[in-house]
Amino acid sequence: MKARGAVLSRRNAHSAKVSDWRQLKVGEQVEVVKYAHVIATGRIEEVSSSGNVVWLEHSGPGVTEEGKELFMKSDGVTLRRA
């Protein structure tokens with residue numbers, strides 16, 4: 001029988017928090033989390049070279065006419081793969 005921690009860590013490995021946003025690829029599906037709540041989901045449109053800013057393509061509240069929204073690490077959001 002496997003240890004409970006080993007099973008849970010494998011199950012959640014794909015949806016783990018992305019600490020280095022530069023690792024994200026254009027088109028990758030992510031969730032934006034702030035204060036333990038998912039505030040947006042969508043596909044990566046662009047990642048800054050510093051890895052501190054991402055453009056997310058999605059639809060929903062707060063989205064520009066083009067369907068894109070900017071998120072910055074300094075705003076206290078985290079990203080995780082969806």
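The values are calculated or read from the model by the stated rules, or taken from the named source; none is laboratory data. Source: prediction; values computed, not measured. Cβ sites come from the backbone with ideal geometry, for glycine too, and all protein chains shown count toward neighbours. Keep in mind that these areas ignore ligands, DNA and RNA; they rest on the heavy atoms of the full protein, side chains included. Shrake-Rupley method; radii C 1.70, N 1.55, O 1.52, S 1.80 Å.
At the residue level, residue 81 shows approximately 60 square angstrom of accessible surface with a 1.4 angstrom probe and all protein chains present. Using a simple spin-label model with pseudo-atoms 7 Å out from Cα toward Cβ, residue 68 and residue 82 lie 1.8 nm apart.
The stretch between residue 35 and residue 22 holds 2.5 nm of extra length on full extension. This uses 0.36 nm per residue minus the Cα-Cα distance.
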